[in-house]
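Chemist: Got a structure for you, questions after.
The numbers here are math on the coordinates, done by the rules we state, and not lab data. Quick caveat, the model's predicted, so the values are computed rather than measured. Here Cβ is always computed from backbone atoms with ideal geometry, including for glycine, and neighbour counts include all displayed protein chains.
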Amino acid sequence: MQVGRRGFLRIAAAVLLLTASLILPAGAGGPVTITFWHGMSGVLNPAIDELTNDFNKLNPGIVVNAQYQGTYGTLNQKLVAAVAAGSPPTITQLFPNWADQLIQAKAIVPMENFIKGPDGLSAEELSDIFPILRQESTFNGVMWTMPFNKSLYILFYNEDLFKQNNLKPPATWDDLLNVSKALTKEEGGRTTRYGFVVRPTTDYFLLMLITNGGDFLKPGGKEVAFNSPAGVEGLQFLIDLVQKQKVAYVLNAFADADFAAGKVAMYFVTNPGLAFARAAVAGRFEIGIAPIPYKKSRATLLSGTDVAIMAKAAPEQQAAAWKYIKFVTGTTATTRWFMKTFYMPVRRSARDSTLARVYLQQNPEHRAGLDSLAVARTAPNIAEWQEIRDIIQEAVEEAVLGKKTAKQALDDAAVKANKLLSQRK
Amino acid sequence: MPALEAASGPGVIPRVPSRRVRRLLENLEAYAFLLPAIVVLGVFHLFPIVFAFFISLLKWNMIDPVRPYVGLANYVQALQDDKFRTALGNTTYYAFVSVGLAIPLALFFAVLLNRKLRGMSWYRTAFFIPHVTSLAAAAMVWHWLYNPDQFGLLNYLLDKVGIPPQRWLLDPLQAMPAIIAVSIWSSLGRDIVIFLAGLQSISQDYYEAAQIDGANNWQLFRHVTWPLLSPTTYFILIISMIGAFKIFALPLFLTGGGPISKTLTIVYSIYQQGFQYFRMGYASAQAYTLFAIIFLITMLQRRVLAHRVHYDI
């Protein structure tokens, strides 16, 4: 094919135009588009879409695409793969111990940069965010992530059943035992209802550990402390409820189905579990909420995710991301988030706002969760904690199944966990 | 070649390619047809296999820019790791029991299905359906069947016979047998089809000759069917064993590796290390260890069995 000089010039011009239109930044006129990866499933998904749409409407120069990535496990895998491939989202939801790995890989930008920046938060606005939440977002003294949907553990109980039996929700471990005894029912040699259920999970054990004055790590953070006498006592208490007093049973699944069916009267769960419990119970009885029963110290375990801004994003995208994060963690948005999803409001002003107070008057059951925020504890936000959780989980299973004594299981787990910690840079 | 001679000379540009050039063009054409397959196999099979070996010599968490070379340390760690050893034991248990049960069962059913009875194609289809069912979907249903309450179908049936409800997938001793049952249910169809093909390739002449000599059914099987089926049996044994050592999907869907790691298999361990704890180097080392194990077992099978295989001339 013969291409003459004129033809060549035409082709060159066309190629140049095409390339220019592809390379020219969108900022030169168009809105800044950013992506937000999250793991909010079920009823939480439309809630996050609503928040995002509101922000997009209020900020015509920015378009936020909230993209559901699957369960948290899947989100983590996709996130790490995306970072490795060099194409991460602008904002991601993440657990604090994921953040540790990303910080070491220099994949996220410290939130503090934006907080202290020109469009940042005043000292007052910053301290308005609950200190315990800020603590979990802080690594080596720097605040890297922003708390977004945080929850904590509380006790759900069958309020109707309690009223019928003239019982009050348990405040201490002893109360838990006594109430469970009162509510365990036998019919024809079979137990038809248990007072409590023991899910052999890390969190059930950690709750017993911290309400008994125990701790996750020894001071210095080089060794674990969950196999202390406090921890062993806590684990043994759970085992005894099942084996000795026979007022609880072991369940390897979510407890809301059994709770709704009347098989169990109480269980430990985090706040967003209320939506699932209500759906299962379908109005058959009232669901009461109480703080976790304690032995030595009132405590509960903080859970839930933060948000972080990825380092690969362009400066104007990062600025837009910060605007979005400021919006969704602002007083109004976090109050609405709390009322819609039952996750904790991240700000004191949100909890004390008129909107929240009116809501609490109509829905007083949420007070127990909000009050528990004052005694909430955070697990270590280190990358190794994910695997240490699995190690603890297996130890709890072994002890609950009777394969090892509580002390043996926890001590073996501590050895494995300490080995992991010693490899930490 | 006359045309070539006439065409060459001063001022004449040869239009017909020489024999060598023509051969080269033919080869290029062949390579062009092969190219898509070569690219796909190279990029998605060959490259990962080779790259994984290099990764296994590093300590790498996929996003950390620091990836120190650690030589064979990952391999040493794998062989000393309690969890990996557990996975090895579990997988070996699974492989020998599931193959040991599945092959005789498949042979038994294949012999039965080899008759020309009415509706035989329906029976064969019934046996083959589990094999074409999505494993994930089947696992969901089996998970429900194995429900540890009295609401699970299996426990419900046991209750009718007066046996108390079993924990199945939650019981440390029952979990692996439960998985083996599902695996046999799933793969029986494929094994039966392969055995059927083998059975039908046995010439009727042998059976007729044996029957003339007064052989009964058992003797027919023992002296005609079994020896002439040996190539098929050998083939199924090898591929079943290789597949059994790679079991992953069933523990993933049914038990999550538990309870207390009783159903943790080698590939599950690789997945955990690589994609949950992001220890790419360690996971790759475990993968190559698995490769070595399967290789050894296959070689062992060859050594023991190959000379017992009768190939029909």
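Chemist: Grab the beta carbon distance between B:Ala292 and B:Phe51, set R0 = 22 Å, and tell me the FRET efficiency rounded to 0.05. Display every interim value, and only then the final one.
Modeler: Details: r = 18 Å, r/R0 = 0.81.
Efficiency, from the Cβ-Cβ distance: 0.80.
Chemist: Add -39500 (n - 2.57) for each DSSP H run of 4 or more in the protein assembly as shown, then divide by its residues: what number comes out at 222 nm, to the nearest 500 deg cm²/dmol? Spell out each step's value before the answer.
Modeler: Values: 35 runs with 413 residues, N = 738.
Here the helix-only value at 222 nm equals -17500 deg cm²/dmol.
Chemist: Quote the charge dipole size of the range A:178-221 about the Cα centre in Debye, to the nearest 20; the model charges only the Cβ of Lys and Arg (+1) and of Asp and Glu (-1).
Modeler: On the way: 6 positive and 4 negative charges, 25 e Å.
Computed about the Cα centre, the dipole is about 120 debye.
Chemist: What's the exposure ranking of A:Tyr153, A:Tyr68, going from fewest to most Cβ atoms within 10 Å?
Modeler: On the way: A:Tyr153 24, A:Tyr68 16.
Ascending number of Cβ neighbours within 10 Å: A:Tyr68, A:Tyr153.
Chemist: Quick check for you: which residues of the range A:195-222 have the amide N under 18 Å from the point 7 Å beyond the Cα of A:Gln423 toward its beta carbon?
Modeler: A:222
Chemist: Give me the extension gain from A:Val415 to A:Ala261: residue separation times 0.36 nm, minus the current Cα-Cα distance, reported in nm with one decimal. Write down the numbers at each step before the final one.
Modeler: Working: separation 154, 0.36 × 154 = 55.44 nm, distance 4.06 nm.
Working it through step by step, the gained length comes to 51.4 nm.
Chemist: Sort the range A:61-160 into rounded, prolate or oblate with this rule: let a ≥ b ≥ c be the square roots of the eigenvalues of the Cα gyration tensor; rounded if a/c is under 1.5, and if a/c is not under 1.5, prolate when a/b is larger than b/c, oblate otherwise.
Modeler: Details: a/c = 1.67, a/b = 1.11, b/c = 1.50.
Oblate, since a/c reaches 1.5 and b/c is not below a/b.
Chemist: Can you give me the Cα centroid spacing of the range A:80-140 and the range A:35-65 in angstrom?
Modeler: 19 Å
Chemist: Separate question: Only Cα pairs within less than 10 Å get springs; with that Gaussian network setup on chain A, which residue of A:Thr354, A:Thr202, A:Thr172 has the largest fluctuation?
Modeler: Of A:Thr354, A:Thr202, A:Thr172, the most mobile in the Gaussian network model is A:Thr354.
Chemist: Contour minus end-to-end for B:Val309 and B:Asn27, with contour as 0.36 nm per residue of separation and end-to-end as the Cα-Cα distance?
Modeler: Details: separation 282, 0.36 × 282 = 101.52 nm, distance 4.00 nm.
Gain on stretching B:Val309 to B:Asn27: 97.5 nm.
Chemist: Among A:Gln318, A:Thr334, A:Leu420, whose Cα lies farthest out toward the positive end of the dipole of the range A:312-425, if unit charges sit on the beta carbon of Lys, Arg (+1) and Asp, Glu (-1)?
Modeler: A:Gln318
Chemist: Evaluate the Kirkwood expression for the hydrodynamic radius of the range A:342-425, namely the inverse of the mean inverse distance over all pairs of different C-alpha atoms, and round to one decimal in Å.
Modeler: Details: mean 1/r = 0.0622 Å⁻¹.
About 16.1 Å, per the Kirkwood formula over Cα pairs.
Chemist: Let me ask you something else. Compute the distance from the alpha-carbon center of the range A:245-295 to that of the range A:194-212, in whole Å.
Modeler: Value for the Cα centre distance between the two parts: 13 Å.
Chemist: Taking a ≥ b ≥ c as the square roots of the Cα gyration tensor eigenvalues, with a/c under 1.5 meaning rounded and otherwise prolate when a/b beats b/c, else oblate, which class fits the protein assembly as shown? Mind dumping the intermediate values first?
Modeler: Values: a/c = 2.17, a/b = 1.20, b/c = 1.81.
The shape class here is oblate.
Chemist: Now a separate question. What FRET efficiency do you get for B:Leu220 and B:Ala136 if R0 is 41 Å and r is their Cβ-Cβ distance, rounded to the nearest 0.05?
Modeler: About 0.45, to the nearest 0.05.
Chemist: For a test of the definition: using alpha carbon positions, the gyration tensor, and the 1.5 limit on a/c, classify chain B as rounded, prolate or oblate. Before the final figure, lay out the partial values.
Modeler: Values: a/c = 2.35, a/b = 1.25, b/c = 1.89.
Oblate shape, in that a/c is at least 1.5 and b/c is the bigger or equal ratio.
Chemist: Within a 10 angstrom radius of each residue's Cβ in A:377-388, how many Cβ atoms of other chains show up on average? Whole number is fine.
Modeler: What the average comes to for A:377-388 is 1.
Chemist: How well do other chains shield peptide A:99-110, expressed as the mean number of their Cβ atoms within 10 Å of each residue Cβ?
Modeler: Working: counts 0, 0, 6, 1, 0, 5, 6, 3, 2, 0, 0, 0.
Per residue, the number of nearby Cβ atoms from other chains is 2 on average.
Chemist: Towards the positive end of the charge dipole of the range A:209-337, with charges on Cβ (+1 Lys, Arg; -1 Asp, Glu), say which of A:Leu217, A:Ile287, A:Ala277 has the farthest Cα.
Modeler: In the range A:209-337, that residue is A:Ile287.
Chemist: Only four residue types carry charge here, +1 at the Cβ of Lys and Arg and -1 at the Cβ of Asp and Glu. Report the dipole size of the range A:208-348 about the Cα centre in Debye, rounded to the nearest 20.
Modeler: Numbers: 17 positive and 9 negative charges, 73 e Å.
Value, rounded to 20: 360 debye.
Chemist: Related question: Suppose R0 equals 41 Å. What FRET efficiency, 1/(1 + (r/R0)^6) with r the Cβ-Cβ distance, do B:Ala249 and B:Ile212 give to the nearest 0.05?
Modeler: Details: r = 50 Å, r/R0 = 1.22.
Plugging the Cβ-Cβ distance into 1/(1 + (r/R0)^6) gives 0.25.
Chemist: Of A:Thr331, B:Thr133, how do they rank once you tally other Cβ atoms within 10 Å and put the fewest first? Before the final figure, lay out each step's value.
Modeler: Values: A:Thr331 20, B:Thr133 15.
Going from sparsest to densest Cβ surroundings: B:Thr133, A:Thr331.
Chemist: Hey, how many Å between the Cα centroid of the range A:342-409 and the Cα centroid of the range B:47-91?
Modeler: Taking the Cα centre of the range B:47-91 as reference, the centre of the range A:342-409 is 35 Å away.
Chemist: Mind giving me the nanometre distance, one decimal, between the label points for A:Glu159 and B:Ala197, set 7 Å out from Cα along Cα→Cβ?
Modeler: So the two model labels end up 6.6 nm from each other.
Chemist: Follow-up question, since we're still on this one. At 7 Å along Cα-to-Cβ for each site, give me the label-to-label distance between B:Leu34 and B:Gln80 in nm.
Modeler: Each label point is offset 7 Å from its Cα along the Cβ direction, giving 4.6 nm.
Chemist: Follow-up. Over 21 Å between C-alpha atoms is what I'm after, so list which of A:Lys312/B:Lys59; A:Lys181/A:Lys263; A:Lys185/A:Lys244; A:Lys218/A:Lys416 land there. The partial results should precede the final answer.
Modeler: Working: A:Lys312/B:Lys59 24 Å; A:Lys181/A:Lys263 14 Å; A:Lys185/A:Lys244 16 Å; A:Lys218/A:Lys416 15 Å.
Too far apart for the 21 Å limit: A:Lys312/B:Lys59.
Chemist: Excluding same-chain residues fewer than 8 positions from A:Lys116, which aspartates and glutamates have a Cα within less than 12 Å of its Cα?
Modeler: Answer for A:Lys116, where 12 Å is the Cα cut-off: A:Glu125, listed by chain and number.
Chemist: Out of A:Gly70, B:Gly243, A:Phe36, whose Cα points farthest toward the positive end of the dipole of the protein assembly as shown (charges: +1 Lys, Arg; -1 Asp, Glu; placed on Cβ)?
Modeler: B:Gly243
Chemist: Can I ask one more? Which value, in debye to the nearest 20, gives the size of the charge dipole of chain B about its Cα centre, when Lys and Arg are +1 and Asp and Glu are -1 at the Cβ? Don't skip to the end; give the middle numbers.
Modeler: Numbers: 23 positive and 14 negative charges, 85 e Å.
The calculation lands at about 400 debye.
Chemist: Taking the highest mean first, how do the peptides B:177-186, B:236-245 order by number of other beta carbon atoms within 10 angstrom per residue? If you can, show how the numbers build up before the last one.
Modeler: Details: B:177-186: 20.3, B:236-245: 18.6.
Ranking the peptides B:177-186, B:236-245 by packing returns B:177-186, B:236-245.
Chemist: The range A:93-160: which trypsin sites (Lys or Arg not before Pro) are DSSP loop and have at most 13 other beta-carbon atoms within 10 angstrom?
Modeler: Values: sites: A:Lys106, A:Lys116, A:Arg134, A:Lys150; in loops: A:Lys106, A:Lys116.
Listed in order of number, the matching sites are A:Lys106, A:Lys116.
Chemist: Of the residues A:Ser228, A:Ser122, A:Ser180, which exhibits the maximal mean-square fluctuation in a Gaussian network model of chain A defined by a 10 Å Cα contact cut-off?
Modeler: Per the Cα network of chain A with a 10 Å cutoff, A:Ser122 tops the list.
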